[in-house]
Amino acid sequence: MKSDNFHVHEIILFTGLLVSILALPFSIQLCHLGIFVIIINWIAQHNWSEKWKILRQTPTAIFFILYFTWLIIGTFYSEDQGNAWFNVEKKFTFAAVPIVLATSTLSDKNKNLLYQAFVLCCGFGVLICLGSAVQSIYISSDPAALNFGTTQPELLLINPLFTNGWHHFSYVALASGIDIHPTYFAVYIIFCICIVVAQYYAARLNGYASIALIGFFVLFLALLSTKIILIIILAIGIITVIKSIKMISQTDIKKLAVGSIFIFLFLVLSALNPISLYREFQEINSANFQIRENTDYTNSTEIRLSLWWAGFKTVLQSNPIIGSGSGDTHLEMNRTLKAHNISNVLNSNDPHNQFLNTFISTGLIGLLLLLGCYFYPVRHAWLQENFLQLSFIGLVLLASLTESFLESQKGIAFFVLFQSLSLTRSKFPDSKIAAL
């Protein structure tokens, strides 16, 4: 009877995780519903002493719990109490999900199915976005307003052959098909590519299917036109070159050639798309990298640089140990921007860097705890040669350098679910899965 109950709980755990992962690109409410299911299922299991024993031996989960606890403590000295508690509420999964998954059991087969499900739902999301873009051409809409807020005369001057149809198939207008920010969707899709590669190495996908899926995702990434993609592609290229220098064999040369073709394909497609060409190359080239006071910025690159500059200024003005208080980042950033009379057409006061954001609100203590959530699993993943987990950590790290990635539910749920999934114990070890 006890064994039957255990099996039922594992089925419920898998079902709840499946719902969360399938819903992640589309509905954060459904995603949270799946998380609530696994929490209730975990509570119903009891076995508190055994769970506590396991949890004490899982440092990654402890870092998540301590970070969330520090967020709660930060509310007591926060100036903006309402936003502070909202910040705690939206990050409840930081404590709940790692505790549940670290003290739960999930077969390697079910873990593998969850990764495959994520590739499936993101692929479906891509098709919806493309279909929505086609449909939007024939209905009254203003994709330029979605992509840039206002029309971009500079874009038209640099690209005289530009047609308005590209707006429908690029950037925010394209991702609006499933109501997600293009940066988050780009991160999801790049992780899907990592999953496909891992599936290929584990002999669960043949070469032709892998190439077709990767090509499909690369084409969409080029249309999506986010700067984070270019940064990640360059990072992948550098790592691939370094690895190929250390290990040269006929098989490695073939893999390097295929990878190089995909990178070349992405760059060519980006150059052919006027919006990605403008955002990822032309706009950066025309940007002034010197931050000036008493300026209203319109160039998105200059806006990002001015917000980073203001973020560093705000860090120096905040309490270096405990910060300004949970949820006070925007309040403090706004003060810094006003003090130097810097503004932008987006009216944004987000530092666009997760580590700056965390330091401003929760200080060095909060930053170190968050870094523990990021980096502690690296050593274990490295020793286990877990390509997929290392790729995931590197991907989220790069995204966090250019975005306040964990201040949105789409970023929080993605990070917590897949970082915690690696903590689950396996009943039946599978060498192929372990090698992922």
Out-of-range pairs (alpha-carbon distance over 32 Å; input LYS53/LYS313; LYS109/LYS410; LYS53/LYS109; LYS109/LYS227): LYS53/LYS313; LYS109/LYS227
How large is Rg/Rh for the range 1-106, to two decimals, with Cα atoms and a Kirkwood Rh? 1.03
Provide the descending list of Cα extents for the range 339-381 along its principal axes, expressed in whole angstroms. 46, 20, 11
Just to be sure I follow: if Rg is taken over the C-alpha atoms of the range 347-432 and Rh is the Kirkwood radius over the same atoms, what is Rg/Rh? 1.04
Highest first, please rank the peptides 301-309, 208-216 by the mean number of other Cβ atoms sitting within 10 Å of their residues. 301-309, 208-216
How many nm separate the modelled label positions at THR69 and ILE11, each set 7 Å beyond the Cα in the direction of the Cβ? 3.7
Quick check: the distance between the Cα centres of the range 276-326 and the range 165-211, to the nearest angstrom? 28
When all alpha-carbon pairs of the range 320-397 are counted, what percent fall beyond 17 Å? 56
Could you give the semi-axes, largest first, of the ellipsoid that matches the range 280-436, computed as the square roots of 5 times the alpha carbon gyration tensor eigenvalues and rounded to whole Å? 35, 19, 11
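FYI, it's all coordinate maths here, none of it is from the lab. Note that the structure is predicted; figures quoted are calculated from it, not measured. Positions of Cβ are generated from backbone atoms using ideal geometry, with glycine treated the same way; all protein chains shown enter the neighbour counts.
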